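The values are calculated or read from the model by the stated rules, or taken from the named source; none is laboratory data. Nothing here was measured: the structure is a model prediction, and the numbers come from that model. Positions of Cβ are generated from backbone atoms using ideal geometry, with glycine treated the same way; all protein chains shown enter the neighbour counts.
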Amino acid sequence: MGEAGRNNKTAEAALDKDWGVVRGFLLDHPDRIRGDGELLADLNLRLRTENIVDFGPAALSRLSRAKSEEETARIELEQTARSNFHAQAQCHAAVIDILEARNHADLARRLDEIAQLRFGLVTGAIAIEGPGSTPAGWRPLDTGMSDVLLGEGRLARMGQTPYAETLFWQQAEAVRSVAMIRIALINPERLGILAFGASDPNAFTPDMGVELIAFIARVVERTAERWPVV
């Protein structure tokens, strides 16, 4: 060990000894520090009651931080609630628009307008499997293609898809994420997909719920059955 190391060891030992003396004095004479306002201020301490020293600034800092976190959480909850309310309101308005459709082509047109004007998406589309004719404005799918797009036996899929062009045609280039849900027409029995496309890759993600799009899909099914597909 060099000279500097030995000096440091000596200084630390002296400091420990001095602190022991100071600590013992404070324990024996607590009133001395409680009565020294200037010293308390320099140490960022304050008297909370007659006999208790409170770490005022530190306590206030913790309280302020907790309040800020609580405020942030409250704001996030309010924003989520407003977003959910807005989405539900737009969904209910969309149902009215769908029910006013006059034929298959008008239904497809209205769904595309709903996607753009009510939900801020790129497009919305209805696709139906063959064999048989495809209603005007709808997208044709080969038999079994719904399972390819959604996954066999799955009701819906949210996220990205390599089949955007199959569903959205000329608008596919602008689509970065999709929401797809299975539909079934009874008159006659035909399978298909209702799909929405968004330009934001995070607009639809696999962890999202499908309740609202499922609701719209059921309305589209019942509405489309007014006009048999021949």
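Before moving on, here are some points about what is shown:
- For the condition under 30 Å from residue 186 (Cβ atoms) and either in a helix (DSSP H, G or I) or modelled with pLDDT under 90 (or both), residue 121 does not qualify.
- Residue, modelled with the highest pLDDT, within the range 124-140, restricted to residues that are surrounded by fewer than 16 Cβ atoms within 10 Å (Cβ to Cβ) and either part of a loop (DSSP other than H, G, I, E, B) or touching a Lys or Arg at 6+ places or on another chain (Cβ under 8 Å) (or both): 136
- Hey, residue 177 closer than 13 Å to residue 126 by Cα, free of Cβ contacts under 8 Å to residues at least 60 places away in the same chain and in contact with an Asp or Glu (Cβ under 8 Å, 6 or more places away or on another chain) or not: no
- Residue 80 being at pLDDT below 70, outside any strand (DSSP E or B) and either over 27 Å from residue 167 (Cβ atoms) or within 23 Å of the chain's Cα centre (by Cα) (or both): yes
- Residue satisfying all of: in the range 180-212; of a type in the set (S, T, N, Q) and more than 14 Å from the chain's Cα centre (by Cα); farthest from residue 146 (Cα to Cα) among these: 199
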